[in-house]
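Trainee: Once you've had a glance at the structure underneath, I'll fire off some questions.
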Amino acid sequence: MEAISRPLASRADFPGLVTPAGAPWHYLDSAATAQKPQVVIDALSDAAGKDYATVHRGVYARSADMTRGFEDARRTVAALIGGKDSELIFTRGATEAINLLAYSYPDKGRVLLSELEHHSNIVPWQLAGWQVDVCPITDDGQIDLDAAEAMLTPEHTMVAFAHVSNVLGSMLDARRAAELAHAVGAKLLLDGCQAVPRMPVDVAAIGCDFYAFSAHKLYGPTGIGALWGKAEQLDAMPPWQGGGAMIDAVSFAKTTYAPAPQRFEAGTPAIVEAVGFAAACDYVSAIGLDAIHAHEANLVAQAREALGAMNDVTLFGPEESAGIVSFLIDGIHPHDLGTILDEENVAIRAGHHCAQPLMARLGVTATARASFGIYSDEDDVAALIRGIERTKRIFG
């Protein structure tokens, strides 16, 4: 495979990619949260400063301008996944998006999850009173859709799967998952947190019913995400939270509600963050998600080849993954590895990655995880390998 000598995006666009001493920072934790390009930082600054006003309520010019900017942001975010702006709800993140659906969906029956789900796609269903069934994964870390097909019954009203695993990088055959869900009358929610920054997503082509994702893994701000849903599904769902902006008319006798998506956006929204979210979408769209996927796949292949050459390393997940490599080194706890790598200006994630059921399935308590982004390159892979070799010498 041809080596990649440069990142897709200029590292100079990302002020966070240097250490306080000015040395390069080999940031390999983009699956947790991505660094922000200057264009997003500038968009946030302008929205919080010279452009700032409330939205939807003011009759003065700047409020009207800010309202247009906010709703333009909704269109931009929806378009990134092939959706309509009228079907895109802004939330505080993917976690809130899944909670919203779990609590507000009117037909709370059985939900089919998988062994590799993030806690944010497990706990909300439990709290909201759904009956949870668990689909196994294959030995190479894929959701076993053959098993899912055998498990699904008309009692299942929802299937909720990760589009891309945050631990293994394994990619779901989302179109088949939608077909299996619909065959028994269930709806499909996809957790797209790791997919949207790494590969093209088209909700219409997939055929899913709901799609949740966050801005901060997409090179945007924290504190905002989105739930996309088919219009007919959103129209059938009651509000989840009450307050301003989500109403039609209020009296002490009766309240009526606004149509979706406003029905699900109680209170003053994250105005500034929505503008930054859209700026991040524009940034990755200009690069191209096909190019991003190929770039990260190449880096994954380089990392897996180098790690696989070490006889004391265990690799998890499929050979072809979306930008994520999880592994263990014999006799070295991931936390110790992460600490020593930090001394080498290499940042990885170490722990259970909010996926304790998956750790149990893998027979481990934690893994080390390197995850790539548009600013990553082969120098980051080389720095990771050098840091691992140093760690092994220390633990000798």
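The values are calculated or read from the model by the stated rules, or taken from the named source; none is laboratory data. Note that this is a predicted model, so its numbers are computed, not measured. Neighbour counts run over all protein chains shown; Cβ positions are idealised from the backbone, glycine included.
Trainee: Regarding GLY58, is this residue modelled with pLDDT under 95 and more than 20 Å from the chain's Cα centre (by Cα)? Before you say what the answer is, go through the steps one by one.
Mentor: On the way: modelled with pLDDT under 95: yes; more than 20 Å from the chain's Cα centre (by Cα): yes.
Considered against the rule, which asks whether it is modelled with pLDDT under 95 and more than 20 Å from the chain's Cα centre (by Cα), GLY58 comes out as yes.
Trainee: Let me ask another. Suppose the filter is in contact with a helix residue (DSSP H, G or I) (Cβ under 9 Å, 6 or more places away or on another chain) and modelled with pLDDT of 95 or more; does GLU2 pass it?
Mentor: The answer is no for GLU2.
Trainee: Counting just the residues of the range 297-345 that are in a strand (DSSP E or B) and not hydrophobic (A, V, I, L, M, F, W, C), which one comes out surrounded by the fewest Cβ atoms within 10 Å (Cβ to Cβ)? Write out each step before concluding.
Mentor: Kept after step one, since they are in a strand (DSSP E or B), are these residues of the range 297-345: 313-316, 324-329, 332.
When the remaining residues are screened for being not hydrophobic (A, V, I, L, M, F, W, C), the result is 314, 326.
Details: THR314: 15, SER326: 30.
Only one residue tops the list, namely THR314.
Trainee: Which pairs do you get when a residue that is in contact (Cβ under 8 Å) with a residue 12 or more places away in the chain and of a type in the set (A, V, I, L, M), found in the range 318-341, comes within reach of a residue that is surrounded by fewer than 19 Cβ atoms within 10 Å (Cβ to Cβ) and not in a loop (DSSP other than H, G, I, E, B), reach meaning Cβ atoms under 6 angstrom, with the pair 6+ apart or on two chains?
Mentor: Listed by first residue and then by second, the contacts come to LEU328/THR314; ILE329/VAL313; ILE332/PHE395.
Trainee: Name the one entry in VAL325, VAL313 that is at pLDDT 95 or above, within 20 Å of the chain's Cα centre (by Cα) and more than 28 Å from PHE90 (Cβ to Cβ).
Mentor: VAL325
Trainee: Another question about this same structure. Go through the range 162-181 and give me each residue that's of a type outside the set (Gly, Ala, Ser) and either within 28 Å of LEU362 (Cβ to Cβ) or at pLDDT below 95 (or both).
Mentor: HIS163, VAL164, ASN166, VAL167, LEU168, MET171, LEU172, ASP173, ARG175, ARG176, LEU180
Trainee: I'd like the full set of residues that are over 23 Å from VAL111 (Cα atoms) and either crowded, with 22+ Cβ neighbours inside 10 Å or β-branched (Val, Ile, Thr) (or both), limited to the range 206-232.
Mentor: ALA215, HIS216, LYS217, LEU218, TYR219, GLY220, PRO221, THR222, ILE224, listed by residue number.
Trainee: Among the residues that make up the range 12-27, is at least one of them more than 23 Å from ARG369 (Cα to Cα) and surrounded by 18 or more Cβ atoms within 10 Å (Cβ to Cβ)?
Mentor: There is at least one residue in the range 12-27 that is more than 23 Å from ARG369 (Cα to Cα) and surrounded by 18 or more Cβ atoms within 10 Å (Cβ to Cβ).
Trainee: While we're on this one: Evaluate the range 45-62: report whether one residue or more is closer than 30 Å to ASN298 by Cβ and of a type outside the set (Val, Ile, Thr). Can you show your working first?
Mentor: Keep residues of the range 45-62 that are closer than 30 Å to ASN298 by Cβ, which gives none.
Within the range 45-62, none of the residues are closer than 30 Å to ASN298 by Cβ and of a type outside the set (Val, Ile, Thr).
Trainee: Filter the range 133-142 down to residues that are of a type outside the set (D, E, K, R) and assigned to a strand (DSSP E or B) and give me whichever is surrounded by the most Cβ atoms within 10 Å (Cβ to Cβ).
Mentor: Among those that are of a type outside the set (D, E, K, R) and assigned to a strand (DSSP E or B), it is CYS135.
Trainee: Moving on to the next point. Does GLY16 satisfy the criteria of being within 20 Å of GLY223 (Cα to Cα), outside the structural domain of SER326 (by TED's automatic domain parsing) and free of Cβ contacts under 8 Å to residues at least 40 places away in the same chain?
Mentor: Details: within 20 Å of GLY223 (Cα to Cα): yes; outside the structural domain of SER326 (by TED's automatic domain parsing): no; free of Cβ contacts under 8 Å to residues at least 40 places away in the same chain: yes.
So GLY16 fails the test.
Trainee: What pairs come up if the first residue lies in the range 142-158 and is farther than 21 Å from ARG361 by Cα, the second is among the aromatic types (Phe, Trp, Tyr) and in a loop (DSSP other than H, G, I, E, B), and their beta carbons are under 8 Å apart, counting only those six or more places apart or on different chains?
Mentor: Taking only residues 6 or more apart or on different chains, the pairs are THR157/TYR105; MET158/TYR105; MET158/TRP130.
Trainee: Report yes if ALA128 is surrounded by fewer than 18 Cβ atoms within 10 Å (Cβ to Cβ) and either free of Cβ contacts under 8 Å to residues at least 24 places away in the same chain or of a type outside the set (Val, Ile, Thr) (or both), otherwise no.
Mentor: Against the criterion (surrounded by fewer than 18 Cβ atoms within 10 Å (Cβ to Cβ) and either free of Cβ contacts under 8 Å to residues at least 24 places away in the same chain or of a type outside the set (Val, Ile, Thr) (or both)), ALA128 qualifies.
Trainee: Separate question: Please work out which residue is surrounded by the fewest Cβ atoms within 10 Å (Cβ to Cβ), limiting yourself to the range 253-296 and to residues that are in contact (Cβ under 8 Å) with a residue 40 or more places away in the chain, in contact with a helix residue (DSSP H, G or I) (Cβ under 8 Å, 6 or more places away or on another chain) and part of a loop (DSSP other than H, G, I, E, B).
Mentor: In this case the residue turns out to be PRO269.
Trainee: What's the number of the only condition in (1) surrounded by 15 or more Cβ atoms within 10 Å (Cβ to Cβ); (2) closer than 23 Å to PHE264 by Cβ; (3) aliphatic (A, V, I, L, M) that LEU145 fails to meet?
Mentor: The number of the failed condition is (2).
Trainee: For SER120, only one of the following conditions fails: (1) over 27 Å from MET359 (Cβ atoms); (2) surrounded by 15 or more Cβ atoms within 10 Å (Cβ to Cβ). What is its number?
Mentor: SER120 satisfies all of (1) over 27 Å from MET359 (Cβ atoms); (2) surrounded by 15 or more Cβ atoms within 10 Å (Cβ to Cβ) except (1).
Trainee: Can you tell me how many residues within the range 188-205 are free of Cβ contacts under 8 Å to residues at least 60 places away in the same chain and either surrounded by fewer than 24 Cβ atoms within 10 Å (Cβ to Cβ) or of a type in the set (S, T, N, Q) (or both)? Give the derivation first.
Mentor: Of the range 188-205, the ones free of Cβ contacts under 8 Å to residues at least 60 places away in the same chain are 188, 190.
Narrowing further to those that are either surrounded by fewer than 24 Cβ atoms within 10 Å (Cβ to Cβ) or of a type in the set (S, T, N, Q) (or both): 188.
Of the residues in the range 188-205, 1 are free of Cβ contacts under 8 Å to residues at least 60 places away in the same chain and either surrounded by fewer than 24 Cβ atoms within 10 Å (Cβ to Cβ) or of a type in the set (S, T, N, Q) (or both).
Trainee: In the range 360-377, which residues are outside any loop (DSSP other than H, G, I, E, B) and either surrounded by fewer than 17 Cβ atoms within 10 Å (Cβ to Cβ) or touching a helix residue (DSSP H, G or I) at 6+ places or on another chain (Cβ under 7 Å) (or both)?
Mentor: ALA360, ARG361, THR367, ALA368, ALA370
Trainee: Output the residues belonging to the range 91-117 that are in contact with an Asp or Glu (Cβ under 6 Å, 6 or more places away or on another chain) and surrounded by 24 or more Cβ atoms within 10 Å (Cβ to Cβ). Before the answer, list the steps.
Mentor: First, the residues of the range 91-117 that are in contact with an Asp or Glu (Cβ under 6 Å, 6 or more places away or on another chain): 109-110, 112.
Correct list: LEU112 only.
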